[in-house]
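A quick write-up on the structure given underneath.
The values are calculated or read from the model by the stated rules, or taken from the named source; none is laboratory data. Please read these numbers as outputs of a predicted model, since none were measured by experiment. Cβ atoms come from the backbone with ideal geometry, glycine included; neighbour counts cover every protein chain shown. Only protein heavy atoms, including side chains, enter the accessible area calculation; ligands, DNA and RNA are left aside. Shrake-Rupley method; radii C 1.70, N 1.55, O 1.52, S 1.80 Å.
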Amino acid sequence: MQARDFSVKDLLTFIPEEGIVRLMEHRVLIFDAVALGLLRKEIVDTFGVFAARSILTRFGYAHGWRTAEILRSEYPAIFADWRAGSHLHMMSGLTKTVEFNQSDGNGDEPLIEVCWHNSYEAEQQLLSCGLADEPICWTLTGFASGYESCKNLREVYFVEDRCCGKGDSHCHIVGRFKEKWGPELEHHIPFYSMESADALLRDLTDKLKITEKRLKSKQRQLNFYASETEEISGFISRSNEMKGVIELAQRIAKVDSSVIVTGESGVGKERISRFIHDQSVRTAHPFVAINCGALTETLLESELFGHAKGAFTGADRDRAGLFEDASGGTLFLDEIGEISPAMQVKLLRALQEKEIRRVGDNTVRPVNVRIIAATNRNLKDDVAAGRFRRDLYYRLCVIQITVPPLRERSQDILPLARLFLGKTASTMGRDIDGFSPHASELLLRYTWPGNVRELQNVIERSLVVCNGRRIEPEDFPEEIHVSPRTQVLTNQDLSLEEMEREYILAMLRSCDDNKKLAAARLKIGKTTLYRKLAEYGKL
């Protein structure tokens, strides 16, 4: 997949009720180009050309570095495209690339050579200051330097030698590895003012991520007090069960121990794991996820540990594994209960020794990652049955957190449904206000065997078929109309006692935890209902 396959619509989301625009799931701001031009002029007038160029070049470098890191960790398919940075420039409205040439950068040819039209910096220079004496696309040149330095893991610097801002027909930049530049670079280096661009930008990016996390946390708190929302640390929750899970996850995040997240499919185990990472001291480093159950043993070993060139057919180059990609951050192992016994041994060794060896390689490489594993299986039962190694289980399960199914936290159903409705309607461009009372009742009565994932899919499907301004019962798939009694009776694996328990709890959920109403519908006394709930541990 290439960068040009994506449009700005694919990567940009707008949450109008929160006043937030996100590009690649990270908050961005939309500024008027003239306002930025006036700011640029103010900086020049106040601090002088040298200081202004230094500030804007460093800003562009930081922006480019951060963009590359986001793509590497979250959009690897786009990051692999050698024109991704240039394409994002165009999608963001910064400039238009009309010519792009690249080499390996190790010979006399430049690493990258680019021609631009419609540079916003050149445009604003002409509007606010007139013709310049030298090239003035400082931010854009800094962005290219930062992006390619991060991408190549080597210092790369771009120099602009033609610019529309000084009267040329187009803007032209040339990028080379630092050691490939001659004396020409000496004039430009002071504007970056770094002994080691890589080290400084890693530190700056870490600080930006930490600051961004704090801003998000503060914004969530402000939203909570302003609108009485049920959002807690990025989660929508009214139920005490889910609030307890979130509070436990916050405490877990403060330590660096291995964690196992358990729960049924679709409850949000990966979301909780990402939250633990985001709240931890590792937040500035990557969160890397892999579904262990989706790969064969051979592929899983190569994905986790990497491989050396020639290790197997098709291994035409050395490749780092996910342990190395997640260095300093968190490695999320989904469906951990599905890995083979042989793979369990190899994973155990990596965790014990804190080092890995690539497939087909003899070199031992130290790794520094936090492990969070997830499963919908009962690993204790697998350990007892000999299907899962006891020593690996205790190595992984220093702390366990269980995410409850949606049917056990019915108070969260409608808030989540409204959240999905708002986001999906905005994405689809549908003007739909909400749910009718009968539709809301059906959502609460259904037991959601597919949990939050199923709820999200149902809302999306309903938006597609809805003809009015509100979601009505007829917009739901057929299974949503099934009563609690039918849902329980269709489960052939329940005993009579279990069926009674499930039916009583389903009826209570359908009554939004109104015990008086539930007792009336069950045709039993309130005392009997309270006694049953006490037996179930639900009081």
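Observations on the structure shown:
- Here residue 114 meets the list (1) open to solvent by 20 Å² or more (accessible area, probe 1.4 Å); (2) at pLDDT 90 or above; (3) closer than 26 Å to residue 182 by Cβ almost entirely, failing just condition (1).
- Which numbered condition residue 143 fails, given (1) more than 26 Å from the chain's Cα centre (by Cα); (2) modelled with pLDDT of 90 or more: (1)
- The stretch 93-140: number of residues that are in contact with a Lys or Arg (Cβ under 8 Å, 6 or more places away or on another chain), within 11 Å of residue 170 (Cα to Cα) and among the hydrophobic types (A, V, I, L, M, F, W, C): 1
- Total residues in the stretch 43-75, condition surrounded by fewer than 14 Cβ atoms within 10 Å (Cβ to Cβ) and out of contact with any helix residue (DSSP H, G or I) (no Cβ under 9 Å at 6 or more places or on another chain): 1
Table: residues versus (1) among the basic types (Lys, Arg); (2) more than 27 Å from residue 410 (Cα to Cα); (3) modelled with pLDDT of 90 or more.
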| site | (1), (2), (3) |
| --- | --- |
| 229 | no, no, no |
| 233 | no, no, no |
| 251 | yes, no, yes |
| 258 | no, yes, yes |
| 268 | no, no, yes |
| 274 | yes, no, yes |
| 281 | no, yes, yes |
| 292 | no, yes, yes |
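- A count restricted to the stretch 112-133 and to residues that are of a type outside the set (S, T, N, Q) and in contact with a strand residue (DSSP E or B) (Cβ under 9 Å, 6 or more places away or on another chain) stands at 8.
- Filter result (within 24 Å of the chain's Cα centre (by Cα) and open to solvent by less than 50 Å² (accessible area, probe 1.4 Å)) within the stretch 390-400: 396, 399
- Every listed requirement among (1) modelled with pLDDT of 90 or more; (2) over 16 Å from the mean Cα position of the chain (by Cα); (3) open to solvent by less than 60 Å² (accessible area, probe 1.4 Å); (4) not hydroxyl-bearing (Ser, Thr, Tyr) is met by residue 288 save one, (2).
- Every residue from the stretch 99-124 that is on the phi > 0 side of the Ramachandran plot and touching a residue at least 40 places away in the same chain (Cβ under 8 Å): 105
- Candidates 395, 453, filtered to the one that is farther than 30 Å from residue 324 by Cα and assigned to a helix (DSSP H, G or I): 453
Per-residue answers, yes or no, for (1) in contact (Cβ under 8 Å) with a residue 12 or more places away in the chain; (2) basic (Lys, Arg); (3) at positive phi:
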| site | (1), (2), (3) |
| --- | --- |
| 328 | yes, no, yes |
| 331 | yes, no, no |
| 336 | yes, no, no |
| 347 | yes, no, no |
| 351 | yes, no, no |
| 354 | yes, yes, yes |
| 369 | yes, no, no |
| 381 | no, no, no |
| 390 | no, yes, no |
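- Hey, residue 162 open to solvent by 40 Å² or more (accessible area, probe 1.4 Å) and either among the hydroxyl-bearing types (Ser, Thr, Tyr) or within 31 Å of the chain's Cα centre (by Cα) (or both) or not: no
- Some residue of the stretch 374-384 being within 22 Å of residue 277 (Cβ to Cβ) and of a type in the set (A, V, I, L, M): yes
- Test: residue in the stretch 457-470 that is under 30 Å from residue 352 (Cα atoms) and either part of a loop (DSSP other than H, G, I, E, B) or open to solvent by 10 Å² or more (accessible area, probe 1.4 Å) (or both): no
- Filter result (assigned to a loop (DSSP other than H, G, I, E, B) and either open to solvent by 60 Å² or more (accessible area, probe 1.4 Å) or among the aromatic types (Phe, Trp, Tyr) (or both)) within the stretch 401-446: 429, 430, 431, 433, 446
- Sole residue being at pLDDT 90 or above and either surrounded by 14 or more Cβ atoms within 10 Å (Cβ to Cβ) or among the aliphatic types (A, V, I, L, M) (or both), chosen from 189, 173, 210: 173
- Matching residues, the stretch 473-484, being in contact (Cβ under 8 Å) with a residue 24 or more places away in the chain, surrounded by fewer than 16 Cβ atoms within 10 Å (Cβ to Cβ) and either over 27 Å from residue 404 (Cα atoms) or among the acidic types (Asp, Glu) (or both): 479
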